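Have a look at the structure below, then the notes.
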Amino acid sequence: MPHKTFYQIFEEVEKASTKKDKIATLQKYSSPALKMVLGYTYDPNIKWLLPEGDPPYKPLEEHQDAEGRLVAETKKFYLFIEGPADAQRNLKPLRREQLFIEMLESIDPRDALVLIGMKNRKLPFKSITRKLVAEAFPNLSKNW
């Protein structure tokens, strides 16, 4: 079974009819990468080091095999947020933005929408709220 993209997982959550089903769906796909996406979206302690709004980028063409690529890219998220790592301090803002755009252009186009939603702190799904995520993953949200 091929891995689902984050977008596909969130679509499935969105289609679930009850809050209980939405939480169960999120939990079914629980993974460190999923929790990272949700945490970087809703944790108020995380400060993104990128400009407001949607960056200019050219979405990857649909037929290219990029499903699951965002999972691999999660290990680079630290470059885009404030933190103790030297990588953030030594990265010029323009270079950080270029890296973010390169990431957007290398992943499934629908996952690119998820990545932009993370940065803007609002995923492109109405029912996936901070409150829902906190209920699905209480340990993830305990410091929010």
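The values are calculated or read from the model by the stated rules, or taken from the named source; none is laboratory data. Quantities reported herein were computed from a predicted structural model and do not represent experimental measurements. Here Cβ is always computed from backbone atoms with ideal geometry, including for glycine, and neighbour counts include all displayed protein chains. Heads up: the accessible areas ignore ligands, DNA and RNA and are worked out on the full protein's heavy atoms, side chains in. Shrake-Rupley method; radii C 1.70, N 1.55, O 1.52, S 1.80 Å.
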Check your understanding: Mind checking whether some residue in the stretch 121-137 is open to solvent by 60 Å² or more (accessible area, probe 1.4 Å), acidic (Asp, Glu), touching a helix residue (DSSP H, G or I) at 6+ places or on another chain (Cβ under 9 Å) and farther than 12 Å from residue 37 by Cα?
Key -> yes
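To keep it simple, each residue is scored yes or no on (1) aromatic (Phe, Trp, Tyr); (2) under 18 Å from residue 8 (Cβ atoms).
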{"residue": "70", "(1), (2)": "no, yes"}
{"residue": "84", "(1), (2)": "no, no"}
{"residue": "94", "(1), (2)": "no, no"}
{"residue": "102", "(1), (2)": "no, no"}
{"residue": "118", "(1), (2)": "no, yes"}
{"residue": "125", "(1), (2)": "yes, yes"}
{"residue": "144", "(1), (2)": "yes, no"}
Review point. Counting residues that are in contact with an Asp or Glu (Cβ under 6 Å, 6 or more places away or on another chain), which helices (runs of 4 or more DSSP H) fully inside the stretch 10-73 reach at least 2?
Key: 19-28
**Study point:** Residue, farthest from residue 75 (Cα to Cα), within the stretch 135-144, restricted to residues that are in contact (Cβ under 8 Å) with a residue 12 or more places away in the chain and more than 15 Å from the chain's Cα centre (by Cα)
**Key:** 135
Practice item. Could you please find all residues in the stretch 19-66 being open to solvent by less than 60 Å² (accessible area, probe 1.4 Å), charged (D, E, K, R) and more than 25 Å from residue 80 (Cα to Cα)? Key: 22
Revision key, fill the gap. Residue hits (the stretch 81-130; touching a residue at least 12 places away in the same chain (Cβ under 8 Å) and of a type in the set (Asp, Glu)) are 82, 97, 105, 108, 111
